[in-house]
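Structure record follows, encoded as structure tokens.
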Amino acid sequence: KEKDSEHDHFEDAQDTLADVENDDGKTIRVPFATQDAIQTALHLMASHELPLSRIEDSSEENVRTLTQVNVIMLFYKVRFLADEVYRAVRVLVNKKSNLASVVFDECNASMKIAGLDDKPKRNELLTYVFDSIREKPGESLIDGGLRYLSPDSIQKVICDQKIDVDEITMFHILFSWTQVGPGSKEDRINVAKGLVVNVQLTLLDA
């Protein structure tokens, strides 16, 4: 099933088979993944390989799909297949640095819905892209990556203590996000007003 705003949590994580009132009898609910991600996950489980079209496609939609497949494998504890997706996505991110922001945003959202947001250290893909953002914020964020970040994701970036930027660059990241981020500009500005307290404005040159 596609993402459903009614599913903020995945409380039935231990009982994924649920009775439904239709002809198919049983349905596995995966509210943190799209139909494309589920189909790709089934292909991966059957063949232990990702479709070639997924490996070579660096579009935002495909990268988000692969990220969801990674979360599916972690959720169902198929670690060796999660590692397969991790390697494929890492190749794409290495070719185009701002895709780290896509993966970071989708990882945070999908893991939250899956109920795995309290275990981020178990997701090597999330760790890898966050480290990439910390080490190369210019390439990962400023160079086209900010438009992919939701309010929750930009908050994690701005509040992070390990990101390798000075105060003027941090202010530039936050200001630029208000210009290009998803959603309405009014909403982005309201989010930024709450986050600017994390930037030490007294350190900026007048």
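Residue pairs whose Cβ atoms lie under 7 Å apart, sitting 6 or more positions apart in sequence or on different chains, and linking a residue in the stretch 48-74 that is closer than 19 Å to Gly145 by Cα to a partner that is of a type in the set (Ser, Thr, Tyr) and outside any helix (DSSP H, G or I), are Thr65/Thr34; Gln68/Thr34. Annotation: of all residues in the stretch 159-206 being of a type in the set (Val, Ile, Thr) and within 17 Å of Asn98 (Cα to Cα), the one that is most open to solvent (accessible area, probe 1.4 Å) is Val180.
Within the stretch 160-186, the residues that satisfy the criterion of being among the β-branched types (Val, Ile, Thr) and in a loop (DSSP other than H, G, I, E, B) are Ile163, Val165.
No other residue among Ala37, Ala46 is of a type in the set (A, V, I, L, M, F, W, C), open to solvent by 20 Å² or more (accessible area, probe 1.4 Å) and at pLDDT 95 or above apart from Ala46. Exactly one residue among Arg147, Arg134, Arg87 is assigned to a helix (DSSP H, G or I), farther than 27 Å from Thr169 by Cα, open to solvent by 40 Å² or more (accessible area, probe 1.4 Å) and free of Cβ contacts under 8 Å to residues at least 60 places away in the same chain, and that residue is Arg87.
Among residues belonging to the stretch 113-129 that are part of a helix (DSSP H, G or I) and more than 10 Å from the chain's Cα centre (by Cα), point out the one that is surrounded by the fewest Cβ atoms within 10 Å (Cβ to Cβ).
First pass over the stretch 113-129, keeping only residues part of a helix (DSSP H, G or I): 113-114, 120-122, 124-129.
Then keep just the ones that are more than 10 Å from the chain's Cα centre (by Cα); that gives 113-114, 120-122, 124, 127-128.
Working: Ile113: 21, Ala114: 22, Pro120: 14, Lys121: 8, Arg122: 13, Glu124: 16, Thr127: 14, Tyr128: 18.
Among those residues, the one meeting the criterion is Lys121.
Every test in (1) at pLDDT 95 or above; (2) on the phi < 0 side of the Ramachandran plot; (3) of a type outside the set (Phe, Trp, Tyr) is passed by Leu74 save one, and that test is (1). Condition check for Glu106 on (1) under 18 Å from Val30 (Cβ atoms); (2) at pLDDT below 95; (3) among the charged types (D, E, K, R): one failure, at (2).
The values are calculated or read from the model by the stated rules, or taken from the named source; none is laboratory data. Just so you know, these numbers come straight off a predicted model, no measurement behind them. A quick note on method: Cβ atoms are made from the backbone with ideal geometry, for glycine too, and the neighbour counts reach across all protein chains shown. Accessible surface areas use protein heavy atoms only, side chains included; no ligands, DNA or RNA. Shrake-Rupley method; radii C 1.70, N 1.55, O 1.52, S 1.80 Å.
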